[in-house]
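Shown next, in structure tokens, is the structure this report addresses.
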Amino acid sequence: MIRQYTSQDIETVLDIWLTASIKAHDFVKPEFWESQLSAMRDIYIPASKSYVFEVDSKVVGFYSLYENLLAAIFVSPEWQGKGIGKQLIAHAKQQSSELTLNVYKDNEATYKFYLAQGFKIDNEHVCEHTGCAEYAMSMNT
């Protein structure tokens with residue numbers, strides 16, 4: 001079930017974000033992601049419109065939209081590969097007429113997932129925070 005995020009979800013959402021970020025981005029030091037926790041808690045999540053995916057009343061994934069930017073979409077690693085990401089993307093498509101996102105080029109599985117969901121690559125650039133190559137992607141919903 002997908003529902004709107006509430007402030008009571010913050011610790012679970014942050015745990016999913018950190019665990020999945022470290023796993024998906026093994027080309028970035030884990031310390032970088034750990035250093036971003038307070039910004040996620042205090043700035044990014046509160047500024048975004050977020051939704052969580054629950055299984056048996058347990059949050060196992062989430063996404064955050066900042067205007068039309070899909071700023072975050074993460075599924076707990078043990079729940080990946082079960083269609084939750086596809087359901088979250090489908091829900092996000094209903095929230096905006098256009099979606100944009102950035103994804104690391106070295107995160108091949110994820111950018112291929114986005115391509116399969118209808119996103120296209122608009123350009124390649126360097127992430128100012130990590131120095132890693134990223135793709136800017138978009139889709140009209």
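The values are calculated or read from the model by the stated rules, or taken from the named source; none is laboratory data. These numbers come from a predicted model, not from an experiment. Neighbour counts run over all protein chains shown; Cβ positions are idealised from the backbone, glycine included. With ligands, DNA and RNA removed, areas are computed over all heavy atoms of the protein, side chains included. Shrake-Rupley method; radii C 1.70, N 1.55, O 1.52, S 1.80 Å.
What the table shows:
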| quantity | calculated |
| --- | --- |
| Whole-number accessible area per residue in Å² for the chain, which is evaluated in the context of all protein chains at 1.4 Å | 54 |
| P(r), alpha carbons of region 1-93 - 5 Å bins starting at zero, rounded % | 3, 14, 27, 26, 20, 10, 1 |
| The chain: DSSP helices with Cα axial extent of at least 15 Å and average Kyte-Doolittle hydropathy no lower than -1.0 | 10-24 |
| Table column - 3J(HN,Hα) (Hz), region 33-39, Karplus curve with 6.51, -1.76, 1.60, x for Gly and Pro | 5, 4, 5, 9, 4, 5, 5 |
| In order through region 51-61: 3J(HN,Hα) via Karplus (6.51 cos²θ - 1.76 cosθ + 1.60), integer Hz, x for Gly, Pro | 9, 10, 10, 10, 10, 6, 6, 10, 6, 10, x |
| Helix-only mean residue ellipticity at 222 nm for the chain, each DSSP H run of n ≥ 4 adding -39500 (n - 2.57), per residue, nearest 500 | -8500 deg cm²/dmol |
| Amide H contacts under 5 Å for residue 141, placed H, 5+ residues apart | 98, 99 |
| Whole-percent carbon and sulfur share, accessible surface of the chain, 1.4 Å | 49 |
| Bins of 5 Å from zero: percent of alpha-carbon pairs in region 52-114 | 4, 17, 28, 26, 17, 7, 1 |
| Phi-based couplings in Hz for region 95-103 (Karplus 6.51, -1.76, 1.60; Gly and Pro marked x) | 8, 8, 7, 9, 10, 10, 7, 10, 9 |
| Of the trypsin sites (Lys or Arg not before Pro) in region 36-109, those whose Cβ has at most 15 other Cβ within 10 Å and which sit in DSSP loop | 82 |
| Assigned charges on the beta-carbon of Lys, Arg, Asp, Glu; region 60-129 dipole about Cα centre (debye) | 340 |
| Debye, to nearest 20: dipole size of region 97-141, +1 on Lys, Arg Cβ, -1 on Asp, Glu Cβ | 160 |
| For the chain, share of DSSP beta bridges that run antiparallel, in % to the nearest 5 | 95 |
| GluC sites (Glu not before Pro), loop per DSSP, at most 11 other Cβ atoms within 10 Å - longest free stretch of the chain | 1-66 |
